[in-house]
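K.L.:
There's a structure below that I have some questions on.
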Amino acid sequence: MGYLNQFFTECHEAVGSLTGKSVLVVGCGPGLDCIPFVEAGASVTGLDIGEDIGLAYSNPSARYHRGSIEGCDLDSAQYDVVFSVATMEHVHKIEVAYQEMVRLVRPGGTIYALASPLWNSRRGHHLECLHPFPWIHLRRTPEQIAALGDERGIIHNGMALRDVVDWLFTSSYFNRAPSKRYVEACASLPVSRTLRNEFWIDGTEDLTAAVLSELAPKGYTREELLATAHKLIAVK
């Protein structure tokens, strides 16, 4: 829950009192992301496509709906807050998903969505075992990464790195979208105010001249490589 606290706090500050408010948590997983909203006095709906939805948290003020934010069957304009953290990087139709968030929130309601880490960032591969090799998923082929794993004895969740490389590059778990798609998708949303539509820049110490000279010919800009996360805070 530690990772969530700062984002919940920022959302809470933007919304004000949550007592009696209706909140939709997009990408709620087993339900832990719903806890701070319930504790703050809100009634919460958790939305997720996973089979484990809601299994870790049960409360009379929390209900769960299995579905995708890319096109769910929830009624329009029924939530005071739509909240999503570490989910949008896994959603492929991000333009549709942001539009759905606007549809689901009431006029005057708040949307808070943080996508992180973005695919083209230094740790966009989502594999902690590769953290010592920033941007390696952009710099090396799957076979080269597999060979590195063999050479260094790199293990991921008890598996040789070679056994997860195909998943890394072909799995639908990632949308692999460039950061500009997030900004462009949120720039045209039908909202009354956009408080944040911006990147969280990180990794400058790792983006050496050598790394940038290697990736720039492939079309990657400095901003794209350093855009670790994207944040949207908007009021309908």
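The values are calculated or read from the model by the stated rules, or taken from the named source; none is laboratory data. Here the structure is a predicted model, which is why all the values come from computation and not from measurement. Please note: Cβ atoms are built from the backbone with ideal geometry, for glycine as well, and neighbour counts cover all protein chains shown. Quick note on the areas: whole protein, heavy atoms, side chains included, nothing else; ligands and nucleic acids left out. Shrake-Rupley method; radii C 1.70, N 1.55, O 1.52, S 1.80 Å.
K.L.:
Under a plain spin-label model, where a point goes 7 Å from the Cα along Cα-to-Cβ, how far apart in nm are ARG103 and ASP150?
P.N.:
Inter-label distance under the simple model: 4.9 nm.
K.L.:
Rounding to the nearest 20 debye, state how big the charge dipole of the chain is about its Cα centre with +1 on each Lys and Arg Cβ and -1 on each Asp and Glu Cβ.
P.N.:
Using Cβ point charges on Lys, Arg, Asp and Glu, the chain gives about 500 debye.
K.L.:
To continue, here is another question. For segment 95-233, build the charge dipole from Cβ charges (+1 Lys, Arg; -1 Asp, Glu) around the Cα centre, then report which of ILE136, MET159, VAL105 sits farthest towards its positive end.
P.N.:
VAL105
K.L.:
Could you work out the helix-only [θ] at 222 nm for the chain, with each DSSP H run of four or more residues adding -39,500 (n - 2.57) and the total divided by the number of residues, to the nearest 500 deg cm²/dmol?
P.N.:
My calculation for the chain gives -8000 deg cm²/dmol from helical runs alone.
K.L.:
Write down, largest first, the equivalent ellipsoid semi-axes of segment 18-146 in whole Å, where each equals the square root of 5 times an eigenvalue of the alpha-carbon gyration tensor.
P.N.:
31, 16, 13
K.L.:
For the chain, report the accessible area per residue in Å² (1.4 Å probe, heavy atoms, rounded to an integer).
P.N.:
46
K.L.:
Can I ask one more? Nearest 5 is fine: what % of DSSP beta bridges in the chain come out antiparallel, could you say?
P.N.:
The antiparallel proportion sits near 45 percent.
K.L.:
Go from 0 up to the bin containing the longest alpha carbon distance in segment 1-91, width 10 Å each, and give me the % of pairs per bin.
P.N.:
Histogram of Cα-Cα distances, whole percents per bin: 17, 55, 27, 0.
K.L.:
Now, a different point. Quick one: pull the percent of accessible area on segment 6-102 belonging to carbon and sulfur, 1.4 Å probe, ligands and nucleic acids left out.
P.N.:
Numbers: 1990 of 4030 Å².
Result for segment 6-102: 49 percent of the exposed heavy-atom area is carbon or sulfur.
K.L.:
Could you work out the relative contact order of segment 1-147? I mean the mean sequence separation of Cα pairs under 8 Å and 6+ apart, divided by the number of residues, in percent.
P.N.:
18
K.L.:
Give the Cα extents of segment 102-236 along the principal axes, in whole Å, largest first.
P.N.:
56, 33, 21
K.L.:
What lysines could a cross-link reach from LYS218, if we take a straight Cα to Cα line under 19 Å and drop same-chain neighbours fewer than 8 places away?
P.N.:
The reachable lysines, counting only those whose Cα sits under 19 Å from LYS218, are LYS180.
K.L.:
So, by mean Cβ neighbours within 10 angstrom, what's the order for 106-115, 25-34, 156-165 with the highest one leading?
P.N.:
The packing order, highest mean first, is 25-34, 106-115, 156-165.
K.L.:
A further question follows. So for TRP135, TRP167, what's the accessible-area order with a 1.4 Å probe, most first?
P.N.:
Largest to smallest exposure gives the sequence TRP167, TRP135.
K.L.:
Give me the net charge for the shell around PRO30: Cβ to Cβ below 13 angstrom, other residues only, Lys and Arg +1, Asp and Glu -1.
P.N.:
Charge balance in the 13 Å sphere: -3.
K.L.:
What number does segment 135-193 give for Rg over Rh if you use C-alpha atoms and the Kirkwood radius?
P.N.:
Details: Rg = 16.9 Å, Rh = 13.8 Å.
Using Cα coordinates only, the ratio equals 1.22.
K.L.:
Taking the mean number of other Cβ atoms within 10 Å as a proxy for protection, how do you rank 203-211, 53-61 from highest to lowest?
P.N.:
Packing proxy ranking, top to bottom: 53-61, 203-211.
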